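One structure below.
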Amino acid sequence: MRVRRFGALIGAGMALSLALSACGSDTEKTNAKTVVEKAKADKKLTIGIKFDQPALGLKKPDGTFEGFDVDVAKYVAKQLGVPESGITFKETTSANRESFLGGGQVDLIFATYSITEARKAQVTFGGPYYVAHQDTMVQVSENGIAKPEDLKGKKLCKAAGSNSFRRITEGPPDGKLNIKGVTLVDASSYSDCVAKLKAGALDAVSTDDLILAGFANQQKGSFKVINAPFTDEKYGIGIKKGDKETCEAVNKAVQQMYTDGTAKTLLEKHFAGTGLKLVTTAPQMEGCA
């Protein structure tokens, strides 16, 4: 009996060891794939988007998603061989984009993700798929802020994980204007910024014009964009650092999107009537370093 029991234990141990070894091999194999290879093999991708930005990335009450970033993501995924039914959208905030890519929680990110030199150290960027411009939004009754310099002595929103406030309060190379006397008010996201602006807890929200136009259009009569842009914000597609193959495939898809007229259609679909001057020609790709 003891011999049989001992033999059974050895057999069980060997089986467990083989199972763990097999699992490890599968994991290593999966981790070794590029996103392009995963797309071809699985016909599935997990894509990070914002859930709270009207006209860009918004989760609707019925659980579906809409916006320019969402539609661009669907187009690019299709070019990589993944149908819309194979996409899982995961909420991605300004604060967690790098960690989500590095940790494998998402395969790609389309989330108003401006390409910067600092971010390039952590992320490989495809695109840009659009070049937005930083502007400022205020309450519709506000007449004292007509240009960025008028923010001196005002309360400005500082959204977690975003660099937009630095363009105003810091000088080059990270900033742009270096305006002194601005009071920064912390917020968890740009939707939180907008809520605080509406409540009078701050005087202005400054970030990409597409983001601001979406919020202003969603709550007509509450806000206005001052139309005083002062930066170029290159919206990139976030890819895990070093995945050059996927970056090149994504860039090809973006260029095709402009060539076949899809980009123009999508921009007009989401931003027509907002007062923005939409650019419908393909931006210069950044490269895949």
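Just give me the residues in the range 47-89 being more than 21 Å from V279 (Cα to Cα), part of a strand (DSSP E or B) and not β-branched (V, I, T), in sequence order.
Those that are more than 21 Å from V279 (Cα to Cα), part of a strand (DSSP E or B) and not β-branched (V, I, T): G48, D52, L58, K59, F65, F89.
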Checklist line | Selection from the range 175-201 of residues that are more than 24 Å from S141 (Cβ to Cβ) and without any contact (Cβ under 8 Å) to a residue 24 or more places away in the chain | finding: G175, N178
Margin query: Under 7 Å between Cβ atoms, which residue pairs at least 6 apart in sequence (or on different chains) link something in the range 70-94 that is on the phi > 0 side of the Ramachandran plot with a partner that is open to solvent by less than 50 Å² (accessible area, probe 1.4 Å)?
Written below: G81/A39
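Per-residue answers, yes or no, for (1) more than 30 Å from K158 (Cβ to Cβ); (2) at pLDDT 95 or above; (3) open to solvent by 30 Å² or more (accessible area, probe 1.4 Å); (4) not polar (S, T, N, Q):
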| residue | (1), (2), (3), (4) |
| --- | --- |
| A39 | yes, yes, no, yes |
| T46 | no, yes, yes, no |
| G57 | no, yes, no, yes |
| D71 | no, yes, no, yes |
| L80 | yes, yes, no, yes |
| S85 | yes, yes, yes, no |
| L108 | no, yes, no, yes |
| Y113 | no, yes, no, yes |
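The values are calculated or read from the model by the stated rules, or taken from the named source; none is laboratory data. From a predicted model like this one, the values you see are computed outputs, not experimental measurements. Positions of Cβ are generated from backbone atoms using ideal geometry, with glycine treated the same way; all protein chains shown enter the neighbour counts. Just so you know, the surface numbers come from the protein's heavy atoms only, side chains and all, with ligands and any DNA or RNA stripped out. Shrake-Rupley method; radii C 1.70, N 1.55, O 1.52, S 1.80 Å.
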